[in-house]
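Chemist: Below you will find the structure I want to go over with you.
The values are calculated or read from the model by the stated rules, or taken from the named source; none is laboratory data. Fair warning: this is a prediction, and the values are worked out from it, not measured in the lab. All Cβ positions, glycine included, derive from the backbone under ideal geometry; neighbour counts span all protein chains shown. Ligands, DNA and RNA are excluded from the accessible area calculation, which covers all protein heavy atoms including side chains. Shrake-Rupley method; radii C 1.70, N 1.55, O 1.52, S 1.80 Å.
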Amino acid sequence: MTRTERVAKLKELARERILVFDGSWGVLIQNKGLVEEDYRGDRFTAFAGQMKGNNDILNVTRPDIIEDIHNAYFGAGADISETNTFCSTTIAQDDYELDAQSVYDLNYEGAKIGRRIADEWTAKEPDKPRFLAGAMGPLNKMLSMSPDVNDPGARAVTFDDVYQTYRHQVKALYEGGVDMYVIETITDTLNCKAAIKAIRDLEAEGQEELPIWVSGTITDRSGRTLSGQTVSAFWNSIRHGRPFAVGFNCALGAELMRPHVADLARQADCLVSAHPNAGLPNEMGSYDETPEQTAAHIGNWARDGLLNIVGGCCGTTPAHIEAIAKAVEGVKPRQPAEAKHTLRLSGLEPFEVA
């Protein structure tokens with residue numbers, strides 16, 4: 001299939017059933033027991049500092065590991081797998097002193113790997129086509145909050161800095177062959193808006209329009225993002241980007257995430273997603289929730305009509321995704337809310353004028 005045909009098929013399937021996303025990448029990579037040489041490969045031997053822990057660089061130095069993870073999640077029943085590019089921006093990779101061309105290559109090669117594996121699975125199982133989402137993380141610098149407690153007006157980056165780093169990433173993911181973009185684990189909505197602008201600007205300049213999936217993060221029981229927005233304010237802030245899907249991931253397990261997903265499902269006029277952690281981390285930083293426990297929560301949400309896309313975040317494995325896929329099999333997808341023609345504004349909280 002061409003990319004245009006794949007996007008059309010993705011939208012068709014989303015109307016018919018709940019789509020399944022993949023799970024955590026970090027936990028699977030950590031379990032490989034990799035050493036510094038695995039991260040450096042032949043290309044990055046001369047780079048200063050430690051590369052171990054820079055998981056995205058494995059797209060170039062150990063593509064076999066990335067292939068294995070895509071295969072594991074597609075084999076577990078995922079319809080969509082994401083590229084291993086969560087930190088593949090010039091801003092995030094500055095911690096490792098990677099140059100712009102190297103960062104471009106992390107995205108491009110990551111997308112090429114995912115594209116090939118997705119196409120192989122589609123060829124094997126044409127009745128269950130597989131799709132590739134270009135992963136775009138939140139960055140390690142925020143536009144909405146100061147890094148200096150003594151200077152609330154200080155910023156480590158400008159909007160143009162963030163826009164340019166996402167534009168650089170989007171170009172590479174697009175050239176590598178992704179079917180959609182997932183701007184995920186969003187803690188700062190202004191960063192997200194820069195990412196959306198980068199995508200839409202490149203489309204205006206000739207790139208094919210691809211679905212945009214925005215997934216925010218509610219950081220604690222307050223029901224707000226790290227930059228302070230409520231669920232409704234978050235939705236009002238990004239709905240202008242015409243997202244294909246919006247949802248939440250990370251920070252919380254399924255039990256604590258449910259009310260926020262339900263709030264979003266009540267008002268979003270697009271698809272709604274959820275990929276929670278496998279519970280909350282224990283005192284050792286590990287996640288104890290079993291596949292059956294996570295799947296039971298998500299299955300209940302699905303039967304209550306809250307979801308269109310499901311998956312897992314920190315601590316989840318192919319076993320979790322397999323259990324989730326079985327839990328939502330045959331469950332009708334949520335119907336998007338009817339769009340209201342009202343003026344909707346937001347700061348930290350929403351404001352509507354009928």
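Chemist: Within region 304-343, count every residue that is in contact with a Lys or Arg (Cβ under 9 Å, 6 or more places away or on another chain) and among the basic types (K, R).
Modeler: Count: 1.
Chemist: Can you tell me which of P336, P243 is assigned to a loop (DSSP other than H, G, I, E, B), in contact (Cβ under 8 Å) with a residue 60 or more places away in the chain, out of contact with any Gly (no Cβ under 9 Å at 6 or more places or on another chain) and not aromatic (F, W, Y)?
Modeler: From the options P336, P243, the qualifying one is P336.
Chemist: Exactly one of these conditions fails for L264: (1) assigned to a helix (DSSP H, G or I); (2) buried (at least 18 other Cβ atoms within 10 Å of the Cβ); (3) touching a residue at least 60 places away in the same chain (Cβ under 8 Å). Give me its number.
Modeler: Single failed check for L264: (3).
Chemist: Being in contact with a Pro (Cβ under 7 Å, 6 or more places away or on another chain) and under 20 Å from I324 (Cα atoms) narrows it down to one residue among L256, L271, L280; which is it?
Modeler: Testing whether each residue is in contact with a Pro (Cβ under 7 Å, 6 or more places away or on another chain) and under 20 Å from I324 (Cα atoms) leaves just L271.
Chemist: Need pairs with beta-carbon distance below 6 Å; first residue surrounded by 12 or more Cβ atoms within 10 Å (Cβ to Cβ) and within region 342-354, second part of a strand (DSSP E or B) and modelled with pLDDT under 85; sequence gap 6+ or separate chains.
Modeler: Listed pairs, sorted by first residue: R344/E352; L345/F351.
Chemist: In addition: Looking only at residues that are assigned to a helix (DSSP H, G or I) and either of a type in the set (V, I, T) or within 16 Å of H320 (Cα to Cα) (or both) in region 14-31, which one is least open to solvent (accessible area, probe 1.4 Å)?
Modeler: Taking the candidates together, the pick is I29.
Chemist: Being free of Cβ contacts under 8 Å to residues at least 60 places away in the same chain, open to solvent by less than 50 Å² (accessible area, probe 1.4 Å), at positive phi and not in a helix (DSSP H, G or I) narrows it down to one of G77, G53, so name that one.
Modeler: G53
Chemist: Sticking with this one: Could you look through region 226-238, keep only residues that are touching a strand residue (DSSP E or B) at 6+ places or on another chain (Cβ under 6 Å) and open to solvent by less than 10 Å² (accessible area, probe 1.4 Å), and pick out the one that is farthest from V170 (Cα to Cα)?
Modeler: A233
Chemist: While we're looking at this one, here's another question. Please work out which one of (1) of a type in the set (A, V, I, L, M, F, W, C); (2) in contact (Cβ under 8 Å) with a residue 40 or more places away in the chain; (3) surrounded by fewer than 23 Cβ atoms within 10 Å (Cβ to Cβ) is the condition F159 fails and give its number.
Modeler: In the conditions (1) of a type in the set (A, V, I, L, M, F, W, C); (2) in contact (Cβ under 8 Å) with a residue 40 or more places away in the chain; (3) surrounded by fewer than 23 Cβ atoms within 10 Å (Cβ to Cβ), F159 misses (2) alone.
Chemist: Of the residues S273, S286, only one is among the hydroxyl-bearing types (S, T, Y) and surrounded by fewer than 24 Cβ atoms within 10 Å (Cβ to Cβ); which?
Modeler: Within the list S273, S286, the selection yields S286.
Chemist: Right, something else. Could you say which residue among G216, G241 is surrounded by 24 or more Cβ atoms within 10 Å (Cβ to Cβ), under 22 Å from L348 (Cβ atoms) and at pLDDT 95 or above?
Modeler: Criteria check complete, one pass: G216.
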